[in-house]
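Colleague: If you scroll down you'll find the structure; I have some questions about it.
Please treat every number below as a calculation from the coordinates, not as lab data. Being a predicted model, the structure only gives us computed values, none of them experimental. Backbone-built Cβ (ideal geometry, glycine too); neighbour counts: all protein chains shown.
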Amino acid sequence: MQRILTVSVLAILAVPGMAWAADAAGSGDMAKAFAVLAAGLGFGLAAGLCGLGQGRAAGSAVDAMARQPGAIARIQTAMLLGLAFIESLVLFVFVIAVILLFVKS
Amino acid sequence: MELIEHPPILHIPAIPDHILYTWIVMGILVVISLVATRRVALVPTGGQNFMELVLDQFLKELDETIGHEGRRYLPLIATLGLFILTSNLMGLIPGLVAPTANLNTTAACALIVFITYHVIGVRKQGFIPYMKHFAGPVPTVLKPLMFVIEIISHCARPLSLSLRLFGNMMAGHILLAIFFFMMGFDGMLGWALSGSLGGIVVGAPAAIIMVVFVVGFLLPLKILVAFIQTFIFCKLAMLYIAAAVEEAEHH
């Protein structure tokens, strides 16, 4: 039951996506297709690895907070700064993906 | 992007959108400031109370980051912070544009920070000692190499500062636009209203799920991101200024 539900929700979410993808591939040439592919793959890779990095950072920060509840404010500030630095690398990829997708070359 | 993005409500053809909305943000901030300082009382009430609360937070951060000298930079940091926060929050309202979702606005803010902290550093200790600081505490042979690397890293600061804010706002903007598109009349709701069986069975629940998801998860997340990005921007600006000031005290 659970699996059927999951698959059907995924299918629902994928239907408009497939329609757009068909549009994009149909109208453009080879370079456009590769640009879409590169944007999708690159951003997925970046987001996944960023998840790993941010998970480590947040996990360590929570660990430290649990050990020293008195220093929660400072640890939180440091954690936010660290997360922002990790995230900014993904955002560079995001900007590149947006350039690939939307800027006519 | 033209496919999914709705043009903003207020649009003057000759003026780019982000500049128009920057003016609107400026207007909002000026009005709030005027209301707050119209009758300045020792025991604050209403608007003055609110603004004092907000500025107290900035003062606390400044004291914590820069030290006893930090309060001099309150005007710069608080102006940047209030401007960025108001712009970020304005992007949450459908039909309005966040000025910070445009690279020009964020680059302007980042360049102001970049120039300011260099000017502060040069003022504090003179041009030559400040330049010497880029070389760092390494043996003389390595100093030219270190100098070049430091220059590059300092030039990367405004780049990352502006791209971080821009990327966050832009990503949230596109995400919201895609979701509104998917649940709107071109997406699930249109499918549900088209009269086909699949639309009624699948499209209508999907549209409801998306509305719940957007209102319950995406919009709170975007509010959180708006505050955190403002915090990060101001904190990094403070850290850069603190580095420039600290170097002066160190030697």
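Colleague: With each pseudo-label sitting 7 Å past Cα toward Cβ, what's the B:PHE217-B:LEU145 distance in nm, one decimal?
Modeller: My value for the distance between the label points is 4.9 nm.
Colleague: Run the paramagnetic zone check for B:ALA204: 7 angstrom along Cα to Cβ, then residues of region B:165-194 with backbone nitrogen under 15 Å.
Modeller: B:188-194, by backbone N distance to the label point.
Colleague: How high is the FRET efficiency from B:SER196 to A:ALA47, r the C-beta distance, R0 30 Å, rounded to 0.05?
Modeller: On the way: r = 35 Å, r/R0 = 1.16.
Computed FRET efficiency for B:SER196 and A:ALA47: 0.30.
Colleague: Once you have the Cα-Cα distance between B:THR45 and B:LEU111, take 0.36 nm times their residue separation minus that, and quote the gain in nm to one decimal. Provide the component values of the computation, followed by the final result.
Modeller: On the way: separation 66, 0.36 × 66 = 23.76 nm, distance 3.65 nm.
Here the segment from B:THR45 to B:LEU111 would lengthen by 20.1 nm.
Colleague: Between region B:64-112 and region B:204-228, what's the alpha-carbon centroid distance in Å?
Modeller: 24
Colleague: Sticking with this one: Assuming R0 = 22 Å, can you tell me the calculated FRET efficiency for the pair A:VAL95 and A:ARG56, based on Cβ-Cβ distance, to the nearest 0.05? Don't skip to the end; give the middle numbers.
Modeller: Values: r = 24 Å, r/R0 = 1.11.
It comes out at approximately 0.35.
Colleague: Please list, in chain and number order, the residues 5+ apart from B:ASP186 or on another chain whose amide H is under 5 Å from its amide H, with Hs placed from the backbone.
Modeller: none
Colleague: Under a plain spin-label model, where a point goes 7 Å from the Cα along Cα-to-Cβ, how far apart in nm are B:ALA243 and B:ASN104?
Modeller: Output for this residue pair reads 2.9 nm.
Colleague: Can you give the longest run of chain B that contains no trypsin sites (Lys or Arg not before Pro) sitting in a DSSP loop with at most 12 other Cβ atoms inside 10 Å?
Modeller: On the way: sites that count: B:ARG38, B:ARG39.
Here the longest segment lacking exposed loop sites spans B:40-251.
Colleague: Turning to a different aspect of this structure: How much length would be gained if the chain were fully extended between B:ASP56 and B:VAL30, taking 0.36 nm per residue of separation minus their Cα-Cα distance, in nm to one decimal?
Modeller: Details: separation 26, 0.36 × 26 = 9.36 nm, distance 1.88 nm.
Taking B:ASP56 through B:VAL30 to full extension adds about 7.5 nm, to one decimal.
Colleague: If you line up the long axis of helix B:143-183 against the longest principal axis of chain B, both from Cα atoms, how many degrees apart are they, to the nearest 10?
Modeller: In chain B, helix B:143-183 runs at an angle near 20 degrees to the longest axis.
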